[in-house]
Amino acid sequence: DTGVSQNPRHKITKRGQNVTFRCDPISEHNRLYWYRQTLGQGPEFLTYFQNEAQLEKSRLLSDRFSAERPKGSFSTLEIQRTEQGDSAMYLCASSWGDIQYFGAGTRLSVL
Amino acid sequence: DQQVKQNSPSLSVQEGRISILNCDYTNSMFDYFLWYKKYPAEGPTFLISISSIKDKNEDGRFTVFLNKSAKHLSLHIVPSQPGDSAVYFCAASGDTGFQKLVFGTGTRLLVSP
């Protein structure tokens with residue numbers, strides 16, 4: 001069990017560029033979540049997958065954000081036309097039951 | 001609308017003493033509560049949880065107490081160790097069907113030798 005893996009760990013991009021993050025959940029976990037954390041705040045829910053189906057999206061997830069989980073395994077989160085306000089830590093978690101296990105996150109800096 | 005609140009941004013205790021971290025919530029639909037610990041540059045690590053059908057859950061040095069009538073929970077760490085120094089997040093779930101976690105803003109615990 002290697003835990004939840006997120007890549008890249010850090011991403012620096014210029015405003016207006018597109019970025020994509022990847023999350024590999026713990027194997028056999030059917031649920032996968034994306035959260036965003038900004039300085040001084042707790043993680044905030046973005047979206048949820050059960051297997052390959054995206055079942056819930058937060059209103060925080062604007063049209064510039066899209067997430068996929070093909071084949072119910074790894075997931076990607078893409079942000080198009082990045083803005084400075086997108087700068088944050090993006091966390092992925094997976095679960096089978098009530099407890100969610102988090103990856104180390106991808107820190108995005110938009111210049 | 002902050003549904004989960006941790007009103008103490010920081011807490012300092014001496015090694016060997018008890019650390020008490022507090023958390024309040026407003027949504028009566030929450031039925032499962034978790035504490036996570038976070039070190040810098042790492043993701044949150046699950047620590048302990050409690051279901052709303054219980055009022056106490058213990059795991060080694062960590063005990064979580066739940067007072068449903070007051071919508072309050074607390075995490076007790078006894079004895080505190082310097083390695084416990086981290087940011088602690090309280091989280092709640094249950095008002096949706098898929099265990100979306102709602103987090104507090106965290107309490108930074110510093111345990112000094």
Of every Cα-Cα pair in the stretch A:1-96, the percent that sits beyond 23 Å: 20
Aspartates and glutamates whose Cα lies under 13 Å from that of B:LYS100, excluding same-chain neighbours fewer than 8 positions away: A:GLU44, A:GLU56, A:ASP98, B:ASP31
Max mean-square fluctuation residue, GNM over chain B, Cα-Cα springs under 10 Å, options B:ASP84, B:ASP59, B:ASP24: B:ASP59
HN-Hα J in Hz across the stretch B:56-65 - Karplus 6.51, -1.76, 1.60, θ = phi - 60°, x for Gly and Pro: 7, 9, 10, 8, x, 7, 10, 9, 10, 10
Amide proton proximity set for B:ILE48, modelled H, under 5 Å, gap of 5+: B:TRP35
Footprinting exposure proxy for A:HIS29, B:HIS72, A:HIS10 (fewest neighbouring C-beta atoms within 10 Å first): A:HIS10, B:HIS72, A:HIS29
Length-normalised contact order for chain B - Cα pairs under 8 Å, 6+ apart - percent: 37
³J(HN,Hα), Karplus 6.51/-1.76/1.60, whole Hz, each residue of the stretch B:6-13, x for Gly, Pro: 10, 7, 9, x, 8, 8, 10, 9
Inter-chain Cβ neighbour average for residues A:30-39, partner chain, 10 Å: 2
Global form of the stretch A:1-54, assessed from the alpha-carbon gyration tensor, a/c cut-off 1.5: prolate
Estimated vicinal HN-Hα couplings, Hz - the stretch B:43-50 in sequence order (Karplus 6.51, -1.76, 1.60; Gly, Pro = x): x, x, 10, 4, 10, 7, 9, 8
Amide proton proximity set for A:GLY105, modelled H, under 5 Å, gap of 5+: A:GLN6, A:CYS92
With at most 10 neighbouring Cβ atoms within 10 Å, loop trypsin sites (Lys or Arg not before Pro) (DSSP) excluded, longest segment of chain A: A:60-111
Computed label-point distance, nm, for sites B:GLN2 and A:ARG22 using a 7 Å Cα→Cβ extension: 3.8
Sum of side-chain charges, B:LEU66 neighbourhood, beta-carbon under 10 Å (Lys, Arg +1; Asp, Glu -1): +3
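Give me the dipole magnitude in Debye, nearest 20, for chain B about the Cα centre, with unit charges on the beta carbon: positive for Lys and Arg, negative for Asp and Glu.
It comes to approximately 80 debye.
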Most fluctuating residue given options B:LYS68, B:LYS38, B:LYS100, as computed from a GNM of chain B linking Cα atoms under 10 Å: B:LYS100
All-pairs Cα distance distribution in the protein assembly as shown, expressed in whole percent, bin size 10 Å: 8, 33, 35, 19, 5, 0
Partners for B:LYS54 among lysines (Cα-Cα distance below 20 Å; same-chain residues under 8 apart left out): B:LYS68, B:LYS71
Span per principal axis, largest first, for the Cα atoms of chain B (Å): 43, 29, 21
Qualifying GluC sites (Glu not before Pro) in the stretch A:1-110, DSSP loop, other Cβ atoms within 10 Å at most 12: A:GLU28, A:GLU83
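Read-outs: derived from the displayed coordinates by stated rules, not from any lab. Since the model is a prediction, treat every value here as computed from it, not as a measurement. Cβ atoms come from the backbone with ideal geometry, glycine included; neighbour counts cover every protein chain shown.
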